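Visitor: This is the structure, below, for whatever I ask next.
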Amino acid sequence: MSFSWEFLLRGVLPPLLTAVPVTLALTLLSAFGSALLGVPLALGLGAAARWRRWPAEIYALLMRGTPMLVQIYMIYYGLGSLLPRAWMRHSWASPMLRDPFWYGLLALTLNETAYVAVILKSGLDAIPRGQREAASALGMSHMSTLTRILLPQALDAVFPMLANEFILLLKSTVLVSTITIFDVLGTANAIRFETLRVDEPLVGAALVYVVLVGTITWIFGPIERRLRRHL
Amino acid sequence: MSPGDAPLAGYGDQLIEGLLLTLEVSLCSYAIGSLFGLLGAAAKLARWRSVRYCAGLYTTLVRALPELLLVLLAFYLLAARVEQFGVVVSPFAVAVMALGFIQGAYITEVLRAAVLAIPRGQREAAEALNLRPLTYLCRVVAPQALRHALGGLGNIWLNATKDASLISVLGIFADVLKVSSLAAAATKRYVFFYAVAGACFLAITLVSMTLVERLRRHLGRAYLT
């Protein structure tokens with residue numbers, strides 16, 4: 001069976017392109033979620049009190065020390081036996097629990113949170129201690145110290161690392177294709193099984209991911225340079 | 001007590017064999033990745049632009065393509081093509097080569113940065129002392145670069161152990177994750193068996209972290225840090 005450009009262009013790329021929104025939604029939503037959850041976790045990782053630091057460290061170790069695939073399976077197959085069955089069937093969450101998308105999103109978010117938190121912590125560590133002392137001497141609350149002094153500087157410092165992490169996140173979304181989510185790779189696999197043609201779907205998926213990663217790199221480049229202009 | 005009542009439901013031996021397979025795949029892919037990484041770093045630091053360009057293409061492509069997709073491409077595209085020419089490659093070799101190819105791109109970047117971190121003056125000093133290029137490479141560059149690269153290489157090793165779990169998707173390897181999935185599906189104890197799989201990977205991670213830390217101290221012993 002020879003490689004058919006015709007099939008790649010007509011039969012493979014159109015369905016793969018309609019699956020791009022799924023991949024992008026998974027990436028963007030889990031990036032947003034992990035940015036929100038990553039801040040408290042980063043603060044926990046940097047906390048002086050053990051009872052706050054240890055839970056954060058254990059969470060980060062569990063998420064970063066085990067493969068994402070195990071976490072996805074754990075949530076997709078295991079969540080059902082942890083949640084009460086009646087609640088799963090009749091509650092606001094029931095429609096979501098029937099759709100693998102939300103399991104994938106949850107797994108991606110929980111995993112990514114740990115990586116984002118470790119990056120944010122390294123940014124927070126780079127801020128001189130005196131700035132916190134100055135903020136508290138001026139009578140700033142913890143919250144406004146965080147949002148107006150610490151986070152802006154930390155984010156500036158770690159932006160390149162976060163941009164890199166965003167690309168890794170986009171790439172790890174393919175793992176949810178194993179729990180019947182039809183993202184770009186999931187769709188490519190479906191075409192593979194339906195048509196019994198292997199080469200074109202996989203090459204098509206590779207093309208789509210290269211273009212996606214290229215686009216993201218192209219978007220982040222100028223932002224990175226803009227942030228670095230005062231350095 | 002029948003095997004079905006035991007905590008591991010009779011899957012204990014298979015799990016241990018699976019863990020060994022996962023370790024084998026990790027170690028072999030990392031070894032091949034180191035080879036790719038050495039070649040890649042040498043190519044990136046080469047004098048010829050075309051060679052540097054090829055190495056750049058290699059690292060860019062690997063960083064743009066998802067790992068699972070690369071593994072699938074290796075199995076269904078490359079291995080199938082090679083077999084058309086009558087060369088039979090074992091699935092283990094294909095998996096290890098594919099994962100090694102991925103690790104190699106990241107190792108390339110780490111090694112390149114480590115070599116670039118060595119001050120230029122040392123090269124001039126080596127020339128002034130009339131050291132042969134090979135001696136300069138082995139006695140001056142390698143020991144220092146290794147120390148610079150250790151952190152990055154350690155991280156890539158941790159990724160290599162986790163990426164080894166990708167082969168479970170193919171369905172032809174009984175690695176620790178695949179065995180856990182089978183056991184979980186057979187016994188309906190999903191949380192337990194996936195926790196077992198997670199614990200195996202976590203154990204590998206923790207042992208590796210301890211060893212890397214020891215190695216770091218050993219290599220840094222002359223620097224009093």
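Just so it is clear, none of the values below were taken in a lab; they were calculated from the coordinates. Model, not experiment: these values are computed from the prediction. Here the Cβ is made from the backbone with ideal geometry for all residues, glycine too, and neighbour counts use every protein chain on show.
Visitor: In debye to the nearest 20, how big a dipole does chain B give about its Cα centre with +1 on each Lys and Arg Cβ and -1 on each Asp and Glu Cβ?
Guide: The calculation lands at about 1080 debye.
Visitor: Could you quote the convex hull projected area for segment A:161-231, Cα atoms only and averaged over all directions, in nm²?
Guide: Result: 5.2 nm².
Visitor: Quick one, could you list the DSSP H helices from chain B stretching 27 Å or more along their long axis (Cα atoms) with average Kyte-Doolittle hydropathy of 0.0 or above?
Guide: Helix filter hits for chain B: B:12-44, B:91-116, B:190-219.
Visitor: Okay, next question. Over the Cα atoms of segment B:13-219, how large are the radius of gyration and the largest Cα-Cα distance (Dmax), in Å?
Guide: Looking at segment B:13-219, its Cα Rg and Dmax stand at 19.9, 71 Å.
Visitor: Do any GluC sites (Glu not before Pro) in segment B:76-138 lie in a DSSP loop with no more than 12 other beta carbon atoms within 10 Å, and if so, which?
Guide: Answer by residue number: there is no such site.
Visitor: Against the longest alpha carbon principal axis of chain A, how many degrees, from 0 to 90 and to the nearest 10, is the axis of helix A:68-82 turned?
Guide: 90
Visitor: Per-residue HN-Hα couplings for segment A:85-98, Karplus 6.51 cos²θ - 1.76 cosθ + 1.60 at θ = phi - 60°, whole Hz, x for Gly and Pro?
Guide: Computed from phi, the couplings for segment A:85-98 are 4, 4, 5, 5, 7, 10, 7, 4, 8, 4, x, 5, 6, 8 Hz.
Visitor: Straight distance only, please: which lysines reach the Cα of A:Lys171 with their own Cα at less than 19 Å, same-chain residues fewer than 8 apart left out?
Guide: Partners found: B:Lys162.
Visitor: Now a separate question. Using only Cα atoms, find the angle between the long axis of helix A:50-65 and the longest principal axis of chain A, and express it within 0 to 90 degrees, rounded to the nearest 10.
Guide: 20
Visitor: Nearest 500 deg cm²/dmol is fine: what mean residue ellipticity at 222 nm does the protein assembly as shown get from its DSSP H runs of n ≥ 4 alone, each adding -39,500 (n - 2.57), divided by its residue count?
Guide: It lands at -24500 deg cm²/dmol.
Visitor: What ³J(HN,Hα) values, in whole Hz, does the Karplus curve 6.51 cos²θ - 1.76 cosθ + 1.60 give for segment A:21-38 when θ = phi - 60°, with x put for Gly and Pro?
Guide: Residue by residue, segment A:21-38 yields x, 5, 4, 5, 4, 4, 5, 5, 5, 6, 5, 5, x, 6, 5, 5, 6, x Hz.
Visitor: Additional query: Just checking the output field for B:59-67: average partner chain Cβ neighbours within 10 Å of each residue's Cβ?
Guide: Other-chain Cβ atoms within 10 Å of each residue's Cβ, averaged: 6.
Visitor: Enter the per residue convex hull volume of the protein assembly as shown, computed from alpha-carbon coordinates, in Å³ rounded to the nearest integer.
Guide: Dividing the Cα hull volume of the protein assembly as shown by its residues yields 215 Å³.
Visitor: Got the relative contact order for chain A handy, in percent, Cα pairs under 8 Å and 6 or more residues apart?
Guide: With pairs under 8 Å counted, the relative contact order is 31 percent.
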